[in-house]
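Below: the structure, in structure tokens.
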Amino acid sequence: MRIDGRAADEGRSITIQTGFVATAAGSCLISTGNTKVICTASVEESVPGWRKGQGKGWVTAEYAMLPASTGTRKRRDGVQKDGRGVEIQRLIGRSLRQAVDMQALGERTITLDCDVLQADGGTRTASITGAMVALTCAVSKLIRDGKLLASPLRHQVAAVSVGLVDDTPSLDLCYQEDSRAQVDMNVVMNEKGEFIELQGTGEGRAFSPAELAQLTALADRGIRSLMQAQRDALGEDAALMCAKPLLLAASGNAHKIRELQDIFGDWYKVIPMKDAGFDAEIEENADTFLGNAVIKAQTVCDATGLPTIADDSGLTVDALGGEPGVYSARYCGHHGDDEANNDKLLSKLEGVENRAAAFHSVIAIARPGKEPLTAEGICPGMILHERRGTGGFGYDPLFLYEPLQKTFAELTAEEKNAVSHRARACAAMREILKELHGA
């Protein structure tokens, strides 16, 4: 048993009280055993000079121990902080920046202040764990105030100390254990179990790779418990941590938005472009499906600073040299008149034996500062001499999908979505995203 009666693999009791400082954008009081830290998050609608004009935010931290936080009075920091305080606040800043998508945060700064009320070991790790909660509360307020469309938090971060005390791997050291530990280590991790920072020192003796593995495994268990405490304290706001990035759809079609969310929801939250304030007309003046898809996606991306998905699709007929092609929706001379478009197509194919055709779809995802991702899907078929079926839209009543011997207008929605050009393009894009995200 340890000095405070805990088992070696048992962390100290933890409580996190959110909203502890009413005037802060986000705050909490975190208590781990007898260590107590006030963590606050303050938001400024600006960034440091070296960051301006990049469209990215910044997260930084400050750390201080109040004079009565230890057994003997600690002098207040003057103009020049003590070296230990500077080192700890840099650690806190580095750790919490790993949680944030700075592009999604926008050009604003969040400062995390961690003030130790009472110190009994583990003040830096408690500060990191509490600062994550304060940061999440601040993000929640930014969303409520309409300053952020969605959460920029991509990871959950927490930290704990571990060490060898009397040759025993021990979790969450109190001050008396920390002061005589043979090996002292601070571990910062994210929700995936990935390390953000390891600070390990053989103060009393060297330690072996096997002991290092024991200590990091112990830290992993402790941090998972701390992360649950963070989620419990945040309640509904816990969903703001590990949030999926937004993907705007260059479309206002609610059905298409739902379809795209179903297809790409593993990586993104898909919303219509108007939710990000974009409702302008986009001039599609390219002569290829690829060109128009990229134009739509890049235009919205450039205007909003957010990743954007767009598609362009249409019908090509071999005997007509690829018509109607990019003019599929306005083949008759004006946009969206399916009946007139079909009538013109039948008229131009009158007496023509070669009825081979294909539906094409190109999906493009534009990302700030990066080359667009593109994927194409093609579904071959043939054009009938007369319409068949009552479903679908556009040229579906004339387009025969030969393997099923049905027109697209005769297929059920499930049948069409399994074989259509758009389904094939989306499947190809999913493979690209799997490789990109390592999933």
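Among the residues of segment 151-172, which ones are assigned to a loop (DSSP other than H, G, I, E, B), out of contact with any Gly (no Cβ under 6 Å at 6 or more places or on another chain) and crowded, with 19+ Cβ neighbours inside 10 Å? Write out each step before concluding.
So the first thing to find is which residues in segment 151-172 are assigned to a loop (DSSP other than H, G, I, E, B), and the list is 151-152, 154-156, 166-167, 172.
Then keep just the ones that are out of contact with any Gly (no Cβ under 6 Å at 6 or more places or on another chain); that gives 151-152, 154-156, 166-167.
Selection gives SER151, PRO152, HIS155, GLN156.
For LEU234, the test of being in a helix (DSSP H, G or I), touching a residue at least 40 places away in the same chain (Cβ under 8 Å) and either more than 24 Å from HIS437 (Cα to Cα) or in contact with a strand residue (DSSP E or B) (Cβ under 6 Å, 6 or more places away or on another chain) (or both) is passed. Here LYS244 clears all of (1) surrounded by fewer than 15 Cβ atoms within 10 Å (Cβ to Cβ); (2) modelled with pLDDT under 95 except the condition numbered (1). When we screen PHE264, PHE289 for residues that are in contact (Cβ under 8 Å) with a residue 60 or more places away in the chain and under 16 Å from the mean Cα position of the chain (by Cα), the only hit is PHE264. Close contacts from segment 414-439, counting a first residue that is hydroxyl-bearing (Ser, Thr, Tyr) and a second that is at pLDDT 90 or above, with Cβ to Cβ under 9 Å and a gap of 6+ residues or different chains, come to SER420/PHE359; SER420/SER361; SER420/GLY377; SER420/CYS379; SER420/TYR401; SER420/PHE408; SER420/LEU411. For the residues ALA134, ALA126, ALA150, the requirement of being touching a Lys or Arg at 6+ places or on another chain (Cβ under 9 Å), farther than 25 Å from VAL270 by Cα and assigned by TED's automatic domain parsing to the domain that holds GLU177 singles out ALA126.
So which of GLY369, GLY336, GLY322, GLY305 ends up being more than 21 Å from SER251 (Cβ to Cβ), in the same structural domain as PHE408 (by TED's automatic domain parsing) and modelled with pLDDT under 95?
The conditions single out GLY369.
Here LYS74, LYS81 are screened, and the one residue that is free of Cβ contacts under 8 Å to residues at least 24 places away in the same chain, of a type in the set (Lys, Arg), farther than 24 Å from VAL157 by Cβ and surrounded by 13 or more Cβ atoms within 10 Å (Cβ to Cβ) is LYS74. With respect to the conditions (1) over 24 Å from the mean Cα position of the chain (by Cα); (2) modelled with pLDDT of 95 or more, LEU66 falls short on a single one, namely (2). Among the residues making up segment 50-77, those that are over 15 Å from ARG124 (Cα atoms) and of a type in the set (Gly, Ala, Ser) are GLY53, GLY55, GLY57, ALA68, GLY71.
Residue check: CYS242 meets all listed conditions (1) more than 22 Å from PHE359 (Cβ to Cβ); (2) outside any loop (DSSP other than H, G, I, E, B); (3) hydrophobic (A, V, I, L, M, F, W, C) but one, namely (2).
Is it the case, given these coordinates, that TYR395 is more than 26 Å from ASP266 (Cβ to Cβ), aromatic (Phe, Trp, Tyr) and without any contact (Cβ under 8 Å) to a residue 40 or more places away in the chain?
Judged against the criteria, TYR395 is not a match.
Of the strands (runs of 3 or more DSSP E) entirely within segment 317-430, those holding at least 1 residues that are touching a Cys at 6+ places or on another chain (Cβ under 6 Å) occupy 356-366.
Condition first: outside the structural domain of ALA310 (by TED's automatic domain parsing), in contact with a helix residue (DSSP H, G or I) (Cβ under 6 Å, 6 or more places away or on another chain) and farther than 21 Å from VAL362 by Cβ. Can you find one or more residues in segment 218-227 that meet it?
yes
ARG205 meets each of the listed conditions (1) more than 23 Å from the chain's Cα centre (by Cα); (2) more than 18 Å from CYS174 (Cα to Cα); (3) assigned to a strand (DSSP E or B) apart from (3). Residues of segment 101-117 that are β-branched (Val, Ile, Thr), buried (at least 22 other Cβ atoms within 10 Å of the Cβ) and under 26 Å from the mean Cα position of the chain (by Cα): ILE110 alone.
The values are calculated or read from the model by the stated rules, or taken from the named source; none is laboratory data. Owing to the predicted nature of the structure, the values given are computational and were not obtained by experimental measurement. Positions of Cβ are backbone-derived with ideal geometry, glycine not excepted, and every protein chain shown enters the neighbour counts.
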